[in-house]
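What follows is one structure encoded as structure tokens, with my remarks underneath.
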Amino acid sequence: MVYTSLDALDFQFSDLPSLPRPNRVVLTTPTHFDVEYVINPHMSDNVGAVNKEVAFQQWKALRATYTALDVSPLIVNGRPGLPDMVFCANQTLPFYQPEQDRRGVVLSRMHAEQRREEVPYYGEMFAEQGYAVETLPDDLDVDFEGMGDAIWHPGRFLLWGGYGFRTEPAAYEALSELLDVPVVLLELQDADYYHLDTCFCPLDSNHVLVAPAAFDDESRAIIEQGFDTVIEAPDEEARHQFACNAHSPDGKHVLIQEGCEGTTERLRAEGFSPIELDTSEFLKSGGSVFCMKQMIW
Ligand code: ARG
């Protein structure tokens with residue numbers, strides 16, 4: 001079932017089957033990371049502007065942070081000619097079906113031509129690791145950008161699905177059938193927030209961090225229905241420092257771009273412990289912590 005309005009929500013979030021937290025993280029080496037083309041507004045002044053040495057140091061700090069939090073990294077090698085492959089949240093949607101005790105991934109269909117060749121590398125890797133590798137129906141010509149736009153509700157078997165710039169709504173109809181999961185759609189309305197993970201960051205079952213400007217009134221109302229507490233990031237921090245492209249691996253710590261002072265203050269007030277990381281080289285491409293990792297079961 002796919003839900004597109006507040007009125008349509010015919011279930012209680014607390015009644016949904018529970019979902020364990022994924023406990024492994026996929027990270028892709030930034031060896032070939034660069035800004036070589038422009039497919040989102042953040043990239044426009046940054047072609048050729050990546051300092052690869054600095055990018056590598058920033059990536060290593062991210063890897064060390066996951067390791068220190070006991071989330072063991074599975075490392076994928078970036079490939080030449082695929083400068084965005086480092087954003088490993090986008091090529092797949094990992095899933096765990098609690099009722100079947102079944103884990104796998106659904107492969108993405110990238111909107112941008114330049115990114116399409118990234119997907120099979122992840123498909124091969126997940127198959128080698130023993131995951132079921134699923135695809136959307138062959139006869140469905142639709143864009144789908146994995147966890148850039150499709151985000152699990154922590155602890156519940158429910159997906160939040162962003163659309164408007166990359167993933168198309170029809171992809172969620174197919175996903176809902178394929179995984180037998182409810183999907184709640186959120187329309188994105190501001191090109192700076194081109195993926196759902198740029199403006200919507202569920203921290204645990206009850207708390208979500210959002211950039212309000214990314215959504216219309218209806219979507220904001222749906223989000224309030226889904227979480228007890230909605231933490232709003234200041235727009236400057238969300239738009240330019242990717243404050244909402246954060247990640248809480250454990251419902252306590254929040255990995256977030258450094259310098260998002262208003263956001264970290266609000267996170268602390270709600271009992272979270274921010275861990276600030278510098279992802280400035282990756283911001284040049286329109287990504288930060290959330291999209292530089294993929295959590296798997
Ligand atoms: N340059 C990449 C793109 O535009 C960045 C992707 C960042 N990923 C994300 N989920 N926000 O596709």
Practice problem: Being among the β-branched types (V, I, T), closer than 13 Å to M292 by Cβ and in a loop (DSSP other than H, G, I, E, B) is the filter here, so list the residues in the range 65-86 that pass it. | Solution: V86
Quiz item: Consider P20 against the criteria (1) more than 16 Å from the ligand (Cβ to nearest atom); (2) free of Cβ contacts under 8 Å to residues at least 24 places away in the same chain: it satisfies all of them except one. Which criterion is unmet?
Solution: (2)
Quiz item: Checking W297 against (1) in contact with a helix residue (DSSP H, G or I) (Cβ under 9 Å, 6 or more places away or on another chain); (2) within 26 Å of N77 (Cα to Cα); (3) more than 12 Å from the ligand (Cβ to nearest atom), which test does it fail?
Solution: (1)
Quiz item: What number of residues in the range 87-115 are in a loop (DSSP other than H, G, I, E, B), farther than 19 Å from Y163 by Cβ and either hydrophobic (A, V, I, L, M, F, W, C) or without any contact (Cβ under 8 Å) to a residue 60 or more places away in the chain (or both)?
Solution: 3
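This table checks each residue for (1) surrounded by 22 or more Cβ atoms within 10 Å (Cβ to Cβ); (2) more than 30 Å from L16 (Cβ to Cβ); (3) within 12 Å of the ligand (Cβ to nearest atom).
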position	(1), (2), (3)
P73	no, no, no
M85	yes, yes, yes
C88	yes, no, yes
L107	no, no, no
Q114	no, yes, yes
E117	no, yes, no
Quiz item: Of all residues in the range 23-64, which are part of a loop (DSSP other than H, G, I, E, B), of a type in the set (A, V, I, L, M, F, W, C) and within 12 Å of the ligand (Cβ to nearest atom)?
Solution: F33, V35, V38, I39, V47, V50
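Rule-based calculations on the coordinates, nothing more; no lab input. This structure is a prediction, so every number in the text was calculated from the model and none was measured. Please note: Cβ atoms are built from the backbone with ideal geometry, for glycine as well, and neighbour counts cover all protein chains shown.
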